[in-house]
Amino acid sequence: MTSGGTDVLPPLIDHHTHSVVIADLTPDAFRSLLTESDRAPVADPFDSALGLAVRRWCPPALGLSEHATADAYLSRRRALGPAEATKRLLGAAGLSTLLVDTGLVAAAGHPLLPLPELSALAGAPVHQVVRLESVAERLAARAPAAADWSAALTEALTAELAGALAVKSVLAYRHGLDIPAERPSPAEVIEAAGRFLVDQPARLTDQVLLRQLLWTAVDLCAERRPALPIQFHTGFGDPDLTLHRADPALLTPFIRAVEPTGVPLVLLHCYPYHRQAGYLAQVFPHVYADTGLTLNHVGPRATTVLGELLELAPFGKVLASTDGYGLPELHLAGAAQFHHAVADLTWQWRRAGACTAVDGERLALLLAEENARELYHLP
Amino acid sequence: MTSGGTDVLPPLIDHHTHSVVIADLTPDAFRSLLTESDRAPVADPFDSALGLAVRRWCPPALGLSEHATADAYLSRRRALGPAEATKRLLGAAGLSTLLVDTGLVAAAGHPLLPLPELSALAGAPVHQVVRLESVAERLAARAPAAADWSAALTEALTAELAGALAVKSVLAYRHGLDIPAERPSPAEVIEAAGRFLVDQPARLTDQVLLRQLLWTAVDLCAERRPALPIQFHTGFGDPDLTLHRADPALLTPFIRAVEPTGVPLVLLHCYPYHRQAGYLAQVFPHVYADTGLTLNHVGPRATTVLGELLELAPFGKVLASTDGYGLPELHLAGAAQFHHAVADLTWQWRRAGACTAVDGERLALLLAEENARELYHLP
Amino acid sequence: MTSGGTDVLPPLIDHHTHSVVIADLTPDAFRSLLTESDRAPVADPFDSALGLAVRRWCPPALGLSEHATADAYLSRRRALGPAEATKRLLGAAGLSTLLVDTGLVAAAGHPLLPLPELSALAGAPVHQVVRLESVAERLAARAPAAADWSAALTEALTAELAGALAVKSVLAYRHGLDIPAERPSPAEVIEAAGRFLVDQPARLTDQVLLRQLLWTAVDLCAERRPALPIQFHTGFGDPDLTLHRADPALLTPFIRAVEPTGVPLVLLHCYPYHRQAGYLAQVFPHVYADTGLTLNHVGPRATTVLGELLELAPFGKVLASTDGYGLPELHLAGAAQFHHAVADLTWQWRRAGACTAVDGERLALLLAEENARELYHLP
């Protein structure tokens, strides 16, 4: 990480990420992708924990020193050109497999790179994660009859799942995780689908249809042998989310209802409710927790936040991801933050006499690759 | 703690714990007692913060080195036999007094040891804590008339309290802490008791009867001079609890309603809402907070979590417990985690110039013994 | 800070504080001002994180050594007399500007010092922050007609705002932050005002009038160019507050509704929901977060708690305050806690390779002065 981008991080299965844009981003556009907000920032996003992480881990990949200033970094990036910069940044990230949520298609007004090209730049296989709400919204655009909604949704989702390793729900954005656990009745679904198909809103926010969508996904994921995992956005995200309604503990009734099906549920990001996620991963066999977006955004605090997740979460139930989106800097910094946090945490534990070197290495390996390999049945 | 179990920890009044089983546990049964889940684990419970704590503190008591592997430890335990292992583990824990919640009677299918035998093995006096909901459930089995429920409950609870130092509520499991603060009316109680006595469910979950039970306990505890404390399970526990409904802040209206009676309320465990518990202990004179289950489960993170509790909690309002249950390893590791966390925290504070050695020693003494001695009026 | 009160801390714009009492406080009265509780303490408030902070930072200002005992400190304070002690303590705090919430008028039964005298003792300009609920309560005492309530409130608030730099809401105490975001209708306001004016309660707790008050403030603050900020008490405080209803995330619907007006909203104190506040400051351009009461109360834990706030909060959106009230010790300890926490945190980050010295200095300057100077348009 220190000599001109020639070093590459250790392997990491990035089980939840997005694609990147290859474009000459203005400084403002670059900065806008360093925050979860979709508003114009009033304070420089580089003056943040995430900004420090990007300036720590990314400049060496472009031939600058760690902690180069934001201006020096953006200037160098422009000089190299976005294709070369992206190749170097993704290459340095050392991702061994990427699971990409394809629900987002653009960033800062530029299209996201198609998966085959992302795979080539990252030098690693890329698999798809199907965003549930996008499937329903695309289906609505085809205007089926309300009475056919359930069957059409099952058909559409079945087709999408063919090549996917997981599905993802953004219920936290569309309603909040505080939903009744029960399947809606067929009559409720037809009535709600009728409203939805008439109104044709850009986004699906109807609670009945969101639940129907989830249960359809549960059924289809359970049919697969082994069962396909469902990822849930939980915790912080962009401002159309109401934070306290994204606490994963709110999902407990649904978690209980899904348990008999054997479908794994993966709680993404989780912050600032990552301790709650760790608890759920301990007590429910089918629940997993992720470090996601969080370790990147909290910058110098990543070691502590990872430690908080591992207070209750079994080490065999925690997954790592970058949640990189738009900027390949987020993939590299995310991977570096993860590896650094694990190494720093286990070194602190060893120094304090709390574990052995072997324990620390085992923990790092579980989180970086083994847990994801087992959960998603990767080679 | 480092030489074959001959060392014993400093004294600790364990104000909330359970009894142990003396049985040749299979490795799976042993592991099942290392998690709050009642499901078969899909990830090895030894790969966890609690697992690290047990492997740190317990092997020396059985003549092994710290951090022995799980297999080596279980093998040694089997060779010694459960009686000898239990004697060594409980002996090394240095507990000076145990307050035992007798609401649980078995663990992993084996009966818990009766209190006199536990006392003999621990080498310390054992006192009883009466679990309120168990009293009501035993009473229901005797099928009184609904109209007699209140009087019969008062009578049954009065009898149970005779030899007890405290009562304990598991309202968090049975309903959640979000209850109306008011006493239910006599008519409401008779109606609810009627349903309960007809249905005879295994567990009391009716909100009206749970409140009636609490207020009966408040009345009886207030009659005692000095008043008897009521312990509340708060925060994480096994999976029939819904975590966000176990936030002790939800108990605020009830806390306010009880304040005039002078009955102390003790918030057990609290995690991940221990900062909330610290706040309640600061602003309400009759509220206390406990480190309980938490310091054991968070393993290498115990120092930090204890620090979080002490951010707002007055040092004179915090109690220590192991919440050991089934495995004597949990009593030893719980006690060791507590002593280590206090010593580590106060050493960090001294090194940072935040307190003196005298301050640190006073804090340790308050938490280990003095606060509990005063609250429970122990000799 | 180490030699008899001759050292003065670096500058700090204290953007949220109160005035002090100059009185020969009994030891009990002094202690009662070291806790957020208004009840007689059952445990010595000096045995707390805040007590450690006061004993660390204040004795040198009175010519004693750091960590003097509580008795030695109180004795020395009495010998110097309250005027001399207050002058020394406020002088050592190095406050460069004070924004004073004048909603409180007494502490421990003694009147708070008028602002000009506070300014003289602190050696710094003092500006007023208008407490909204106090304005409404004073207006009610003048008994306008219910139909005139809205107009009279607008007039009263306009007059109060003339010399103020900000307004402050204690909605968290009076109702909780979980209010509907919408303006109440004129008819609802007249009806609620009718009840309020008849009942004349000491405190305004009616949800309709609290919302009307907020929206009146939003309108008046938006009229000012640049717009005047509204401060919100969030997080812990004295016991008439219900903690979980003071989570700033609950304010999200109101935050969204205010966004188009451009009025800045400042989340005070925030603990234990400071991570939630950091998130809101990241995603909403008009939201700011404060370290307030928190860094003082958490004593030796201040570095960590500040770190938690800065995980998501942009460094350009965080403000510092002492929330000193009654005791000038709280102003000095609050300022010292802030400076120490920032210096300690940035030193830790530099040592871990997470930022440069320049980054650390910039962060300290933003929080101590620059962010507040910009937000409140100070010279």
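The values are calculated or read from the model by the stated rules, or taken from the named source; none is laboratory data. In this text, all values refer to a predicted model and were calculated from it rather than measured experimentally. Cβ sites come from the backbone with ideal geometry, for glycine too, and all protein chains shown count toward neighbours. The accessibility values were calculated without ligands, DNA or RNA, using every heavy atom of the protein model including side chains. Shrake-Rupley method; radii C 1.70, N 1.55, O 1.52, S 1.80 Å.
Here is the figure for region B:72-113: residues that are of a type in the set (Asp, Glu) and more than 24 Å from B:Val130 (Cα to Cα) total 1. Does A:Arg362 fit the bill of being open to solvent by 20 Å² or more (accessible area, probe 1.4 Å), basic (Lys, Arg) and either more than 9 Å from chain B (Cβ to nearest Cβ) or within 24 Å of A:Thr86 (Cα to Cα) (or both)? In short, no.
Among the conditions (1) surrounded by 18 or more Cβ atoms within 10 Å (Cβ to Cβ); (2) more than 30 Å from A:Arg225 (Cβ to Cβ), the only one that A:Ala143 does not satisfy is (1). Which of the residues that make up region B:92-126 are at pLDDT 95 or above and on the phi > 0 side of the Ramachandran plot? Passing the criteria: B:Gly94, B:Gly123. Of all the residues in region A:324-341, those that are open to solvent by 10 Å² or more (accessible area, probe 1.4 Å) and over 14 Å from the mean Cα position of the chain (by Cα) number 2. For the criterion of being more than 14 Å from chain B (Cβ to nearest Cβ), out of contact with any Gly (no Cβ under 8 Å at 6 or more places or on another chain), under 24 Å from B:Arg55 (Cβ atoms) and not small (Gly, Ala, Ser), A:Glu374 fails. Taking A:Ala122 as meeting all but one of (1) open to solvent by 30 Å² or more (accessible area, probe 1.4 Å); (2) closer than 16 Å to A:Gly324 by Cβ, write down the number of the exception. So A:Ala122 meets the others, but not (1). Is there a residue being within 14 Å of chain B (Cβ to nearest Cβ) and part of a helix (DSSP H, G or I) anywhere in region C:89-99? Checking region C:89-99: not a single residue is within 14 Å of chain B (Cβ to nearest Cβ) and part of a helix (DSSP H, G or I). You will find that of B:Ala368, B:Ala333, B:Ala354, the residue that is within 13 Å of another protein chain (Cβ to nearest Cβ), small (Gly, Ala, Ser) and farther than 30 Å from B:Asp28 by Cα is B:Ala354 and no other. Taking region A:270-292 as the range and being assigned to a loop (DSSP other than H, G, I, E, B) and among the polar types (S, T, N, Q) as the test, only A:Thr291 passes. Looking only at region B:293-310, decide whether some residue is within 13 Å of another protein chain (Cβ to nearest Cβ), closer than 27 Å to B:Cys355 by Cα, assigned to a loop (DSSP other than H, G, I, E, B) and out of contact with any Phe, Trp or Tyr (no Cβ under 9 Å at 6 or more places or on another chain). Within region B:293-310 (the criterion being within 13 Å of another protein chain (Cβ to nearest Cβ), closer than 27 Å to B:Cys355 by Cα, assigned to a loop (DSSP other than H, G, I, E, B) and out of contact with any Phe, Trp or Tyr (no Cβ under 9 Å at 6 or more places or on another chain)), the answer is yes, since at least one residue qualifies.
Within region A:65-78, does at least one residue satisfy the condition of being within 20 Å of the chain's Cα centre (by Cα) and within 29 Å of C:Glu308 (Cα to Cα)? No: region A:65-78 contains no residue that is within 20 Å of the chain's Cα centre (by Cα) and within 29 Å of C:Glu308 (Cα to Cα). Only one of the numbered conditions (1) assigned to a helix (DSSP H, G or I); (2) open to solvent by less than 10 Å² (accessible area, probe 1.4 Å) is violated by B:Leu177, and that is (1).
Of everything listed in (1) farther than 22 Å from A:Leu204 by Cα; (2) facing chain B (nearest Cβ under 10 Å); (3) in contact with a Leu (Cβ under 8 Å, 6 or more places away or on another chain), the single unmet condition for A:Glu259 is (3).
Residues of region B:184-195 that are open to solvent by 30 Å² or more (accessible area, probe 1.4 Å) and touching a Ser or Thr at 6+ places or on another chain (Cβ under 9 Å): B:Pro186, B:Ile190.
Residues that are open to solvent by 10 Å² or more (accessible area, probe 1.4 Å) and either in contact with a Phe, Trp or Tyr (Cβ under 7 Å, 6 or more places away or on another chain) or closer than 27 Å to A:Ala336 by Cβ (or both) within region A:262-292 comprise A:Pro264, A:Pro272, A:Tyr273, A:Arg275, A:Gln276, A:Tyr288, listed in sequence order. Exactly one residue out of A:Asp14, A:Asp71 is farther than 30 Å from C:Arg256 by Cα, modelled with pLDDT of 95 or more, assigned to a helix (DSSP H, G or I) and not small (Gly, Ala, Ser): that is A:Asp71. Pick from region A:103-144 the residues that are free of Cβ contacts under 8 Å to residues at least 40 places away in the same chain and in a loop (DSSP other than H, G, I, E, B): which of them is farthest from A:Ser169 (Cα to Cα)? For region A:103-144, the residue satisfying everything is A:Gly123. In the set A:Asp44, A:Asp38, A:Asp28, only one residue is among the charged types (D, E, K, R), in a loop (DSSP other than H, G, I, E, B) and more than 7 Å from chain C (Cβ to nearest Cβ); that residue is A:Asp38. Answer yes or no as to whether C:Val8 is open to solvent by 40 Å² or more (accessible area, probe 1.4 Å), under 30 Å from C:Ala364 (Cα atoms) and either of a type in the set (A, V, I, L, M, F, W, C) or at pLDDT below 95 (or both). Yes: the conditions hold for C:Val8.
Just one of the numbered conditions (1) of a type in the set (S, T, N, Q); (2) open to solvent by 10 Å² or more (accessible area, probe 1.4 Å); (3) outside any helix (DSSP H, G or I) is not true of B:Ser321: (2).
A Cβ distance below 6 Å, combined with a sequence gap of six or more or placement on separate chains, defines the contacts here; from region A:350-379, residues that are small (Gly, Ala, Ser) reach residues that are open to solvent by 30 Å² or more (accessible area, probe 1.4 Å) in the pairs A:Ala354/B:Pro300; A:Gly360/A:Arg350.
Scanning region C:196-233 for residues that are in contact (Cβ under 8 Å) with a residue 12 or more places away in the chain, open to solvent by 40 Å² or more (accessible area, probe 1.4 Å), β-branched (Val, Ile, Thr) and in a helix (DSSP H, G or I) yields a total of 0.
Of the residues C:Ala85, C:Ala108, the single one that is crowded, with 20+ Cβ neighbours inside 10 Å, of a type in the set (Gly, Ala, Ser) and more than 17 Å from the chain's Cα centre (by Cα) is C:Ala85.
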